[in-house]
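**Student:** Below: one structure in structure tokens.
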Amino acid sequence: GNASGARRAKKRSSGESPGDGQALRSSGRQINRKATDTEEEDDQAEKKYRKCEKAGCSATYPVCFASASERCAKNGYTSRWYHLSCGEHFCNECFDHYYRSHKDGYEAFASWKKVWTSNGKSEPSLKAFMADQQLPFWVQCIKADCGRWRQLTKEIQLTASLAATYRCGMKFSNIKSEGPDQCSQPEDLRVAEVTDSWWHSMLILPPLLKESPASPFLAAYYPDCVGMSPSSSPRIMVLGLLVPGLCPYFQPFYQPNECGKALCVRPDMMELDELYEFPEFSRDPTMYLALRNLILASWHKNCKEVLTSQKCALHIIVRGLVRVRCVQELDRVLNFMTRKGLINTGVLAVTRHNSKNVIVIGAGASGLAAARQLQNFGTQVVVLEARERIGGRVWDGTSLGVTVGRGAQIVNGCVNNPIALMCEQMGIKMHKLEERCDLFQEGGQVTDPAIDKRMDFHFNAILDVVSEWRKDKSQNQDTPLGEKVQEVKKNFLQESGIQFSELEEKVLQFHLSNLEFACGSTLDQVSARSWDHNEFFAQFSGDHTLLTKGYSVLLHKLAEGLDIRTKCPVQAIDYSGDVVKVTSSNGSHWMAQKVLVTVPLTLLQKNVIQFNPPLPERKLKAIHSLGAGIIEKIALQFPYRFWDNKIQGADYFGHIPPSPDKRGMFSVFYDMDPQGKQAVLMSVITGDGVPAVWDMEDKDVVDECMKVLRELFKEQEVPEPLHFFVTHWRKDQWSQMSYSFVKTGGSGEAYDILAEDVQGKVFFAGEATNRHFPQTVTGAYLSGVREASKMAAM
């Protein structure tokens, strides 16, 4: 030991710096090459150089990056080289300098270890300390024609702003130097090695980022379990943490012990589709998680601009060559997440071009979502729409002084909902719907909330029994939900000896009409086994809101810059050849590599489009096992808000049906201007009420509705409406329905079968192809994003 120490001391005193070690190394090779068989010379070579401890490491002559100990081996001999990566080693002397309690460096290691163990979960080894605290940072020159990686000197801390401005040869003092062009200096040879796949496998410790944009989102996790360094910020135990300045509906990560939230990821685990795309991270996902969490957090902090690899790379703060690898991997991860519609989505428009082309049939939420995504990916898209307008089953009217959706207008569960994302991007406020809904009886009485609560309990208990019953039932043992509900209710009353009063019976009917509203059908059509099949998947949580401005503003923004041909009904799709041929009933022909069909379920059931070859039997069976639900809406504008005193600021009120056969007529009334300026009420016609109004004139439907309102507000004057509208979705040639449901004998799997593509040429989207989120604009939108992702991956 002393001899080698003395040798190094002498070397330093002769003014050699570690950088001059090139000469030393080559002489080392000379010794080895000229070595004779004499043992003595072999020993000498062995004494002067020691290979890295790690099998397979490419570094023949390691160099110590630490230079911490007075007796640092530099690039000479040490009794053991410690390996961090193929280009990064430290010597045994520097190890001792930090590890031995009597050495100068011990204090730094001990205090680091204290912070690490209090915040993190991983081993506070000396190697972890060296990687986290001692390795130099690497940074890339920002000049477009350079982009070379440079190693910063040890005392320089990398920050996002330094990464954003760094140029080769940048001086960190105030001295301006006019040297030669620093970019022409060759890049360190170790950088080229980093790109190889084996380099990653030789990495001892995964990268743990400092100051990651994800850290405020993930304060309740151990940082090192989610790709962040435990040394950079203390772990705060908070749940339901809201990131300052962030839209409260943005919750991209599950908090610990949380589950069942739609579009949420676990920050400490890879999802199945991620493992499929990035199998190389399955053994140790840390690097992938660090990058994915950083990207997701950055996107949610600013969803109004396209997120690029360049923007994200600035926030990858980690020491050592592994930063080079992280920046290289970033591109793939970001492209994958963009393709999946997890980032760079919503109403953002991106300009790219490739040689692919796609025809989208239908300009509703799903068709527009797919077209927007595909065009952002660079695909040429043409959208063919049968109607004169876009939007499909989203159709807003403003004739009553406020926006009223003839179709959809409510958002069910805003957390992580893409509709909330688009509202945020466009600066649109949604109105949160409060829970309160008073139930009024004909005659004007307000129902005792205790009775409502009791019947709500019984109603849910009936559905719980149905859930229990279906557990061991196969598809062919299915029965209609209406029958099953009656049977369970009858059994319960017999066994318990309880009698429902007349009012209680009517309140139960009100809850059943709500169920018919949810299904879009009378309960004798709906499957008892699968009526709520989507509840087995995580649903959107959080507030239910009214889009006071309507869904149309979002869809028109999605449509901006897209090539949409209206009044172009498609009648045939021929996919028998290499390209798909689409024929419209106005005689025009279109050709593309792929076509996306987003027409409503009814039009598929009625063969409005002829497919050649015909669709597979399995798909046709699925199409017919789903029901096409219908609800109609009525909206009335009054000269003043006659209901204010009675409903006291609630967003809606319920109407207790006078008899079971009347339960589908106007069961709920919504106040369309909850801020209280305009006087507009909207109500729904559901279940048996739908066929009852089929052949009625609009004026007669309004009269029926007014009779009900005058009963509910019997104690006061109810004025005649100034204006109104009544919807006719059943007669609407291009939809003929509102939303889908599972018919008796069907199953939720039909939605997945509808979503399957045919021969990689014909694809399908729309609410009736989304098993997780059917019946909603959100579900339609996401199905479009899904298909765009599928097409882009092919």
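The values are calculated or read from the model by the stated rules, or taken from the named source; none is laboratory data. Owing to the predicted nature of the structure, the values given are computational and were not obtained by experimental measurement. Here the Cβ is made from the backbone with ideal geometry for all residues, glycine too, and neighbour counts use every protein chain on show. Each accessible area value is taken on the protein alone, full model and side chains, heavy atoms only, with ligands, DNA and RNA left out. Shrake-Rupley method; radii C 1.70, N 1.55, O 1.52, S 1.80 Å.
**Student:** Counting other C-beta atoms within 10 Å, and keeping those with at most 10, which DSSP coil GluC sites (Glu not before Pro) do you find in segment 728-794?
**Tutor:** Passing both the DSSP loop test and the Cβ count: no residue.
**Student:** Can you find, among 367, 186, 269, the residue farthest towards the positive end of the dipole of the chain? Put +1 on the C-beta of Lys and Arg, -1 on that of Asp and Glu.
**Tutor:** Farthest towards the positive pole: 186.
**Student:** Please give the charge dipole size of segment 666-794, origin at the Cα centre, charges +1 on K and R Cβ atoms and -1 on D and E Cβ atoms. Round to the nearest 20 debye.
**Tutor:** 520
**Student:** Choose one of 509, 467, 449: the residue whose Cα lies farthest towards the positive end of the charge dipole of segment 449-525 (beta-carbon charges +1 Lys, Arg; -1 Asp, Glu; about the Cα centre).
**Tutor:** Of 509, 467, 449, it is 467.
**Student:** I'd like the FRET efficiency for residue 246 and residue 148, computed as 1/(1 + (r/R0)^6) with the beta carbon distance as r and R0 of 41 Å, rounded to 0.05.
**Tutor:** 0.65
**Student:** Placing +1 at every Lys and Arg Cβ and -1 at every Asp and Glu Cβ, with all other atoms neutral, what dipole size does the chain have around its Cα centre, in debye to the nearest 20?
**Tutor:** 3340
**Student:** Out of these labelled values of P(r) over Cα pairs in 10 Å bins from 0, in percent, (1) 2, 12, 20, 23, 19, 13, 7, 3, 1, 0, 0; (2) 2, 11, 18, 19, 16, 12, 9, 7, 4, 2, 1, 0; (3) 2, 11, 18, 20, 19, 15, 10, 4, 1, 0, 0, which was calculated from the coordinates shown here?
**Tutor:** This structure yields the entry labelled (2).
**Student:** Cross-link list 429/707; 121/301; 473/761: which exceed 29 angstrom alpha carbon to alpha carbon?
**Tutor:** 429/707; 473/761, as the Cα separations exceed 29 Å there.
**Student:** If the reach is capped at under 30 angstrom between alpha carbons, list the lysines near residue 114, excluding any in the same chain fewer than eight residues apart.
**Tutor:** Result set, ordered by chain and number: 54, 74, 103, 127, 154, 210.
**Student:** What number comes out for accessible area per residue over the chain if the probe is 1.4 Å? Units Å², please.
**Tutor:** 45
**Student:** Another one. Kindly flag which residue pairs out of 340/621; 699/743; 432/506; 619/790; 567/606 have an alpha-carbon separation exceeding 23 Å in this structure.
**Tutor:** Those over the limit are 340/621; 699/743; 432/506.
**Student:** Once phi is turned into ³J(HN,Hα) by the Karplus curve 6.51 cos²θ - 1.76 cosθ + 1.60 with θ = phi - 60°, what whole-Hz value does each residue of segment 670-675 show in order, with x for glycine and proline?
**Tutor:** 9, 7, 7, 10, x, 6
**Student:** Continuing with the same structure: Counting alpha carbon pairs within less than 8 Å and at least 6 residues apart, what relative contact order, in whole percent, applies to the chain?
**Tutor:** Once divided by the residue count of the chain, the mean separation gives 12 percent.
**Student:** What is segment 50-135's relative contact order, in percent, from Cα pairs under 8 angstrom and six or more apart in sequence?
**Tutor:** Relative contact order comes out at 23 percent.
**Student:** In addition: Which one, 61, 417, 162, is farthest towards the positive end of the dipole of the chain when Lys and Arg carry +1 and Asp and Glu -1 on their Cβ?
**Tutor:** Going by the charge dipole, the pick is 61.
**Student:** Find the relative contact order for segment 449-525 and round it to a whole percent, using C-alpha pairs within less than 8 Å whose residues are 6+ positions apart.
**Tutor:** This gives 49 percent for segment 449-525.
**Student:** Amide H of residue 539 versus every other amide H placed in the peptide plane: which residues, excluding those fewer than 5 positions away on the same chain, fall under 5 Å?
**Tutor:** Residues meeting the amide H criterion: 262.
**Student:** Which of the three applies to segment 50-135, rounded, prolate or oblate, going by the alpha-carbon gyration tensor with a ≥ b ≥ c and a/c under 1.5 meaning rounded?
**Tutor:** The shape class here is oblate.
**Student:** Only loop residues by DSSP count here, and only those with at most 14 other Cβ atoms within 10 Å; note down the trypsin sites (Lys or Arg not before Pro) in segment 539-646 that meet that.
**Tutor:** 567, 606
**Student:** Also, I was wondering about something else. Identify the trypsin sites (Lys or Arg not before Pro) of segment 264-365 meeting these criteria: DSSP loop state and at most 11 other C-beta atoms within 10 Å of the C-beta.
**Tutor:** For trypsin sites (Lys or Arg not before Pro) across segment 264-365 that sit outside H, G, I, E and B with at most 11 neighbouring Cβ atoms in 10 Å, the list reads 283, 304, 352.
**Student:** With every protein chain left in place and a probe of 1.4 Å, what is the accessible surface of residue 738, to the nearest 10 Å²?
**Tutor:** The value for residue 738 is about 20 Å².
**Student:** Can you work out ³J(HN,Hα) from phi for every residue in segment 250-264, in order, using Karplus 6.51 cos²θ - 1.76 cosθ + 1.60 and θ = phi - 60°, giving whole Hz and x for Gly and Pro?
**Tutor:** Calculated HN-Hα couplings, in order: 8, 9, x, 10, 5, 7, x, 6, 9, 7, x, 10, 5, 6, 10 Hz.
**Student:** To continue, here is another question. For a quick check of understanding: with a 1.4 angstrom probe and all protein chains in place, what accessible area in square angstrom does residue 709 have, to the nearest ten?
**Tutor:** Counting only protein heavy atoms, residue 709 exposes about 0 Å² to solvent.
**Student:** State to the nearest 20 debye the size of the charge dipole of segment 50-135 about its Cα centre, where the only charges are +1 on K and R beta carbons and -1 on D and E beta carbons.
**Tutor:** 200
**Student:** Using a 1.4 Å probe on the protein heavy atoms, what percent of the accessible area of the chain belongs to carbon and sulfur?
**Tutor:** 51
**Student:** Note down the net charge around residue 204, summing +1 for each Lys or Arg and -1 for each Asp or Glu among other residues with Cβ under 13 Å from its Cβ.
**Tutor:** -3
**Student:** Which cross-chain or sequence-distant (5 or more) residues have an amide H under 5 Å from the amide H of residue 383, H modelled 1.01 Å from N in plane?
**Tutor:** 360, 563, 564, 565
**Student:** Another question, if that's okay. Using θ = phi - 60° and the Karplus form 6.51 cos²θ - 1.76 cosθ + 1.60, what ³J(HN,Hα) does each residue of segment 402-412 get, whole Hz, x for Gly and Pro?
**Tutor:** 3J(HN,Hα) across segment 402-412, in whole Hz: 9, 6, 10, x, 6, x, 5, 8, 10, 10, 9.
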